[in-house]
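Have a look at the structure below before the remarks.
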Amino acid sequence: MIRGYEDKEPEIAESAYVDPQATIIGDVTIREDATILPGAVLRGDGGEIILDAKANVQDNVTIHADEPTNKVHLKENAAVGHNAIIHNATIGEHSLVGMHATVLDDAVLEPYSAVGAKTLVMEEQRIPSYTMAGGQPAETIKDDIPEDSMVFQAAEFYVERANGLEAGRIIEE
């Protein structure tokens, strides 16, 4: 479902894939080749949500920007794993948010950083580039991850996967 909120309408690039079972509301911009998978909810009913080119939002992710001064920004090739929550935060280029992780207000994942499954990134926390954080609250659990690590390739994989999703036919609704 794609719908406006008050005077804000989602803007979705023609090459982006938004699954019919995803929900996009309000002040949301989805750029080229971004992928939004089933059950994801992007709710820009207060602040702005921006997904740069090739950003990936996996199944059942919740992304919310709730005040006019707040923003969620997934930068190019950022990936957010199944069932994660992003609230008023920035996810850097080629970064990965693991499954069931939560990233809270004003937190920043720097480019080429990752948070593991079920991690809690606290308000205003920064996850440095080339590291992986884990735990509740998040702390560095791995340093010096190389830029070509598979950890940082998740979004690119889903650009290709979206082609198959678009080509598939709905068997039953």
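The values are calculated or read from the model by the stated rules, or taken from the named source; none is laboratory data. A quick note: this is a predicted structure, and the numbers were derived from the prediction, not measured. Counting neighbours? That spans all protein chains shown, and the Cβs are built from the backbone with ideal geometry, glycine included. Ligands, DNA and RNA are stripped out before the accessible areas are found, and what is left, the full protein with its side chains, is counted by its heavy atoms. Shrake-Rupley method; radii C 1.70, N 1.55, O 1.52, S 1.80 Å.
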Query raised in the report: Restricting segment 32-42 to residues that are within 17 Å of Arg3 (Cα to Cα) and of a type in the set (Val, Ile, Thr), which is surrounded by the fewest Cβ atoms within 10 Å (Cβ to Cβ)?
Result: Val41
Query raised in the report: What residue, among those in segment 1-35 that are of a type in the set (Lys, Arg) and over 17 Å from the mean Cα position of the chain (by Cα), is farthest from Ala65 (Cα to Cα)?
Result: Arg3
Report task. Can you run down the residue pairs with Cβ atoms below 6 Å, 6 or more apart or on separate chains, where the first is in segment 86-98 and under 18 Å from Asp144 (Cα atoms) and assigned to a strand (DSSP E or B) and the partner is open to solvent by 10 Å² or more (accessible area, probe 1.4 Å) and at pLDDT below 95? Result -> Leu96/Val151; Leu96/Ala154
Query - All positions within segment 32-77 that are in a loop (DSSP other than H, G, I, E, B), without any contact (Cβ under 8 Å) to a residue 60 or more places away in the chain and among the hydrophobic types (A, V, I, L, M, F, W, C) - result: Ala34, Ala40, Ala53, Val61, Ala65
Query raised in the report: Filtering segment 43-71 down to residues that are surrounded by 19 or more Cβ atoms within 10 Å (Cβ to Cβ) and within 9 Å of the chain's Cα centre (by Cα), which residue is nearest to His87 (Cα to Cα)?
Result: Ile63
